[in-house]
């Protein structure tokens, strides 16, 4: 039998979960108590559920969110009237328990090749959580001032997303996300290599992209920006059909070597432009494969899950190593000695384990390829 939670402790739980202030807490506690009682009865009837203790936090979260959603989606109804309706409480309890048992204990799970407790996942997750926590202290969201920080934060955020997808059996989706992470990293590498002029050009083309998508405040402003776009295209002898490419990649023309034609086989696109200038052209083939996945080719539908798991995690690690180096340089140059030592201690403790995990995954992938070719 589930131990009863007192109303006092339930109210503390609501506070800890940041439940909306105006919601009827007496009603929520009554529903919560009924849900626990109903769940306990179900446990007694089922040998499966009897082995699983009810989770009061999850039940509370379902309860609060269902009730708040009903209130917000029915603004013409008063909560004081709703909570007196036994049919509503019955419906609410049914929704809460159905979703709790189905989503938390009977959820369909894809086959996966790792889990969040495995060192190759838990170590990089620890690192990502630390780095994202530190980056949250920096000013953000102001492109003219914080562009590099914003791109770096987005990169680590995507890395975290990839880890979550991998541990839940979504290998091809993780690989597609790595594709975007790779694009993000390449842009960052180019900016850091060539500095302010290129960053300013990128910001200018960012505005061009907003105008192209109709996102500026007025037609007058949009027309003015399009004149700037056309003028820029004329200066580089580009035709009207090149407008979209110029908007997306024309910022690369701020690089002297690009303007002077010193980069062989350069083109105004990602693979022959951004990736080449970033000196990450060795990822061209794997990037192409990830593009096929992203565009729903047969590779997506009939993919070998284990193959794409290893391809993704290895490329994720390689991207992470480079991004972590950029973060470390930035972080260590901007924080007090105490914070600096804390990061160095973390790095000394876990970076070696990251490398070990990476090498271990390399061996497993090599073994998989040997079996495939045998």
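Filter the stretch 128-137 down to the residues that are surrounded by fewer than 14 Cβ atoms within 10 Å (Cβ to Cβ) and in a helix (DSSP H, G or I), then identify the one that is nearest to the chain's Cα centre (by Cα).
This residue is 129.
Any residue at all in the stretch 182-192 that is surrounded by fewer than 17 Cβ atoms within 10 Å (Cβ to Cβ) and either out of contact with any helix residue (DSSP H, G or I) (no Cβ under 7 Å at 6 or more places or on another chain) or in the same structural domain as residue 245 (by TED's automatic domain parsing) (or both)?
no
Which one is surrounded by the fewest Cβ atoms within 10 Å (Cβ to Cβ) among residues in the stretch 353-374 that are in a helix (DSSP H, G or I) and at pLDDT below 90?
So, considering only residues that are in a helix (DSSP H, G or I) and at pLDDT below 90, the one surrounded by the fewest Cβ atoms within 10 Å (Cβ to Cβ) is 373.
Return the residues of the stretch 90-115 that are free of Cβ contacts under 8 Å to residues at least 40 places away in the same chain and part of a loop (DSSP other than H, G, I, E, B); say none if nothing qualifies.
106, 107, 108 - these are the residues of the stretch 90-115 that are free of Cβ contacts under 8 Å to residues at least 40 places away in the same chain and part of a loop (DSSP other than H, G, I, E, B).
For the stretch 246-266, how many residues meet the condition of being touching a helix residue (DSSP H, G or I) at 6+ places or on another chain (Cβ under 9 Å) and at pLDDT below 95?
Number satisfying all stated conditions: 9.
Please verify whether residue 319 is modelled with pLDDT of 90 or more and either assigned to a helix (DSSP H, G or I) or in the same structural domain as residue 152 (by TED's automatic domain parsing) (or both), treating the condition exactly as stated.
Spelling it out, residue 319 is indeed modelled with pLDDT of 90 or more and either assigned to a helix (DSSP H, G or I) or in the same structural domain as residue 152 (by TED's automatic domain parsing) (or both).
From the list 207, 244, 285, pick out the single residue that is under 26 Å from the mean Cα position of the chain (by Cα), under 28 Å from residue 175 (Cβ atoms) and in the same structural domain as residue 181 (by TED's automatic domain parsing).
That would be 285, the only listed residue that is under 26 Å from the mean Cα position of the chain (by Cα), under 28 Å from residue 175 (Cβ atoms) and in the same structural domain as residue 181 (by TED's automatic domain parsing).
Matching residues to (1) part of a helix (DSSP H, G or I); (2) touching a residue at least 60 places away in the same chain (Cβ under 8 Å); (3) closer than 24 Å to residue 201 by Cα:
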{"site": "117", "(1), (2), (3)": "no, no, no"}
{"site": "122", "(1), (2), (3)": "yes, no, no"}
{"site": "126", "(1), (2), (3)": "yes, yes, no"}
{"site": "139", "(1), (2), (3)": "no, no, yes"}
{"site": "150", "(1), (2), (3)": "yes, no, yes"}
{"site": "154", "(1), (2), (3)": "yes, no, yes"}
{"site": "157", "(1), (2), (3)": "yes, no, no"}
{"site": "165", "(1), (2), (3)": "yes, no, no"}
{"site": "174", "(1), (2), (3)": "yes, yes, no"}
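Residues in the stretch 195-211: is at least one on the phi > 0 side of the Ramachandran plot and outside any helix (DSSP H, G or I)?
yes
Could you tell me which numbered condition residue 309 fails, if it satisfies all but one of (1) in contact (Cβ under 8 Å) with a residue 40 or more places away in the chain; (2) over 30 Å from residue 372 (Cβ atoms); (3) buried (at least 17 other Cβ atoms within 10 Å of the Cβ)?
(2)
Quick one: which residue in 301, 293, 255 is within 24 Å of the chain's Cα centre (by Cα) and touching a residue at least 60 places away in the same chain (Cβ under 8 Å)?
After ruling out the rest, the residue left standing is 293.
Only one of these is assigned to a helix (DSSP H, G or I), closer than 19 Å to residue 159 by Cα and at pLDDT below 95: 350, 343. Name it.
350 is the lone residue from the list that is assigned to a helix (DSSP H, G or I), closer than 19 Å to residue 159 by Cα and at pLDDT below 95.
The values are calculated or read from the model by the stated rules, or taken from the named source; none is laboratory data. Keep in mind it's a predicted model, so treat the numbers as computed, not measured. Note that each Cβ is placed from the backbone with ideal geometry, even for glycine, and that neighbours are counted across all protein chains shown.
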